[in-house]
Amino acid sequence: MKTAIPDSILEVKDLRKTYHKKGGSAEAVRGISFAVPRGEVYGFLGPNGAGKSTTISTLTTELEPTSGEIWLDGRSVTEDPVSARAEIGVVAQHNNLDRGLTARENLIFHARYFGMSRRNANRKADEYLEKFGLADRQNDYVRSYSGGMAQRLKIARAMMHTPKILFLDKPTTGLDPNYREILWCEMLTLSRESGTTIFLTTHCMEEPEKLAQHMTIVNHGKIVAQGTSSELKALVPTSTIVTLRLAHTEEGFVQKAEELPDVTRARLQNGTLAPYLDRRQPDFDELFRWTESLGTSVLDMNVKETTLDDVFVYLTGKGMNQDA
Amino acid sequence: MERQAFWAMVDRDLLIQARDIWEFVFRVAMLPFILILTYGFMLPTLGVLPESFPSQMFAGMVGMSMLITGIHGTAVPFTMDFNNLPEIEDRLLAPVSSATVAFAKMFVGIIESFIGGLIASILLMGTFGFRRFHRMVTGAQK
């Protein structure tokens, strides 16, 4: 037994995972360490292929780490993965519901796998079917469920045994914005009621920006930044991002932009140049004159507040939706 | 918890199988039906095999039905689960060892194989009549 940091439910220390294959090995996770505060929504962010899924698989005991330590509520997950699973709820990105069973049976069997009696499982299934608005379709086979309903049921199922931490792997992928809102509302209410910590992985930055108190950004299996949303945004030297869509672009534009006074860094992506300005109010006349001096013109211009996506782009030079 | 989860997994598999009961019966009955047709009627009628051959093949036919049903009840669901249907994930993430999940599946496979043997026996009894079936089982002469 280890004495845990009082307010952290999950601690990860120097976690590594290497896949061995013919002709070499691939290091998916390269020594990451972080702590998840109890009762919070924690964001674990990164582009596709950054090592998020491998990390979540090791944290949920699906994969054995190559090295490193994982502590869940003071108990070692690596030493006793079976006991750790009792405290973990997992909502996978894909639909892994039991298609041969009804929604109600999915919940009841899950609870029984986790050692609940039939009576308690039935009682809790009633409660969750009601809470997630699935009571009227509880006896339908889940293969007849829409994507949104299946997602609700997956979350209800993962919460059936009241886990201490709920791992959500891109939980709202493919859902329309209205449904996302409803789903998050239900999840947050439930987690508050049961004191469950939510560990959210996603490559979409809007949700963690709104919901997560703390977050970690990973890329190429390494942590690139950690902190609260405002701490991460403070890493970008400006609170205002200007993007210029140009009539034509050249690779040299980035270097030329970075030579401008007040520009700390610039990036060029899909014909759009984004100079990171060192001040709040950009001088637009100066920017237009500068683009004309490059022999191009501005087709479109966008000015916005810094988002987590911009933080990621600033730190890695790539967009969140690009592969790592 | 291991024991409780084991029985829950067995219950789950049996419930799913019970829902597809006619598919199960049809699948299990197909092999003995073809064997009876070929070795019990066609070949003895053509004189290729002795008339007593159906009696001799009883044990093999029931055994074969049990074996194939057992394999089908264990290996096929596992192959499907690990390849295209990730339904087993929920059981693998339960706080029990992977061996418990495997034993539950094997246990259900054993139950299914016995039911398979029973179906083959019923089919043989229905085809050859009770008296001949009794001779097949006991090995008694006419």
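Bear in mind these aren't lab numbers, they're just calculated from the coordinates by the rules spelled out. Keep in mind it's a predicted model, so treat the numbers as computed, not measured. Virtual Cβ from ideal backbone geometry, glycine too; neighbours counted across all protein chains shown.
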Taking every residue in B:83-89, how many Cβ atoms of other protein chains lie within 10 Å of its Cβ, on average? 4
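Calculate the FRET efficiency for A:Gln255 and A:Arg16 from the Cβ-Cβ distance with a Förster distance of 35 Å, rounded to the nearest 0.05. Intermediate results must be reported in sequence, preceding the final value.
Working: r = 36 Å, r/R0 = 1.03.
FRET efficiency, A:Gln255 to A:Arg16: 0.45.
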Taking the stretch A:225-324 and dividing mean pair separation by its residue count, relative contact order in percent (alpha carbons under 8 Å, at least six apart): 36 percent
Over all distinct alpha-carbon pairs, what is the Kirkwood Rh of the stretch A:176-236 in angstrom? 13.1 Å
Please enumerate, by chain and number, the lysines with C-alpha under 22 Å from the C-alpha of A:Lys304, excluding those fewer than 8 residues away in the same chain. A:Lys210, A:Lys233, A:Lys318
Ratio of the Cα radius of gyration of the stretch B:68-142 to 2.2 N^0.38 Å, where N counts its residues: 1.62
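Which whole number gives the average, over all residues in A:77-83, of C-beta atoms from other chains lying within 10 Å of the residue C-beta?
Values: counts 0, 0, 0, 1, 2, 8, 2.
Mean shielding by partner chains, rounded to a whole number: 2.
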Using eta = 0.890 mPa s and T = 25 °C, Stokes-Einstein with Kirkwood Rh from Cα pairs puts D for the stretch A:117-230, in µm² s⁻¹, at 158 µm²/s
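Using only alpha-carbon positions, what ratio does the radius of gyration of chain A give when scaled by 2.2 N^0.38 Å?
Computed over Cα atoms of chain A, the ratio equals 1.16.
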Under the 7 Å Cα-to-Cβ spin-label approximation, A:Cys204 and B:Asn83 lie apart by a distance in nanometres of 3.3 nm
Compute the distance in nm between two label points, each set 7 Å from the Cα along the Cα-to-Cβ direction, one at A:Arg123 and one at A:Gln281. 6.5 nm
Given labels modelled 7 Å from the Cα in the Cβ direction, how far is it in nm from B:Thr45 to A:Thr228? 8.7 nm
Between the stretch A:205-245 and the stretch A:1-73, what's the alpha-carbon centroid distance in Å? 20 Å
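Rank-order A:301-307, A:10-16 by packing density, defined as the average count of other C-beta atoms within 10 Å over each peptide's residues, highest first. Could the numbers behind the result be given before it?
Working: A:301-307: 13.4, A:10-16: 18.7.
Output ranking for A:301-307, A:10-16: A:10-16, A:301-307.
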Aspartates and glutamates near A:Lys52 by alpha-carbon distance under 18 Å, same-chain residues fewer than 8 away left out - which ones? A:Glu11, A:Asp14, A:Glu27, A:Glu62, A:Glu64, A:Glu69, A:Asp169, A:Glu206, A:Glu207, A:Glu209, A:Asp309, A:Asp323
Suppose R0 equals 25 Å. What FRET efficiency, 1/(1 + (r/R0)^6) with r the Cβ-Cβ distance, do A:Asn139 and B:Met125 give to the nearest 0.05? 0.05
Set the Förster radius R0 to 60 Å, insert the Cβ-Cβ distance between A:Leu299 and B:Phe103 as r into 1/(1 + (r/R0)^6), and round the FRET efficiency to 0.05. 0.35
The stretch A:61-113: relative contact order from alpha carbon pairs under 8 Å, six or more residues apart, as a whole percent, is 20 percent
Dipole of the protein assembly as shown, positive direction: furthest Cα of B:Gly47, B:Ile110, A:Ile198, with charges on the beta-carbon: B:Gly47
So what is the relative contact order of chain A, in percent, for Cα pairs below 8 Å that sit 6 or more residues apart? 20 percent
Using alpha carbons only, how many angstrom separate the centre of the stretch B:85-142 from the centre of the stretch A:140-161? 32 Å
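Return the average number of partner chain Cβ atoms within 10 angstrom of each residue Cβ along peptide B:16-27.
Values: counts 5, 1, 0, 3, 1, 0, 0, 0, 0, 0, 0, 0.
The mean count of partner-chain Cβ atoms within 10 Å per residue comes to 1.
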When the Kirkwood hydrodynamic radius is evaluated over all pairs of different C-alpha atoms of the stretch A:129-196, what value in angstrom, to one decimal, is obtained? 12.5 Å
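Can you give the percent of C-alpha pairs in chain B whose distance is more than 28 Å?
On the way: 3308 of 10011 pairs.
Summing the P(r) tail past 28 Å for chain B gives 33 percent.
Considering only DSSP beta bridges where both residues belong to the protein assembly as shown, give the percentage that are antiparallel (nearest 5).
Numbers: 39 of 57 bridges.
Of the beta bridges lying entirely in the protein assembly as shown, close to 70 percent run antiparallel.
Can you check what the net charge comes to around A:Leu308, using other residues whose Cβ is under 9 Å from the Cβ of A:Leu308 (Lys, Arg +1; Asp, Glu -1)?
-3
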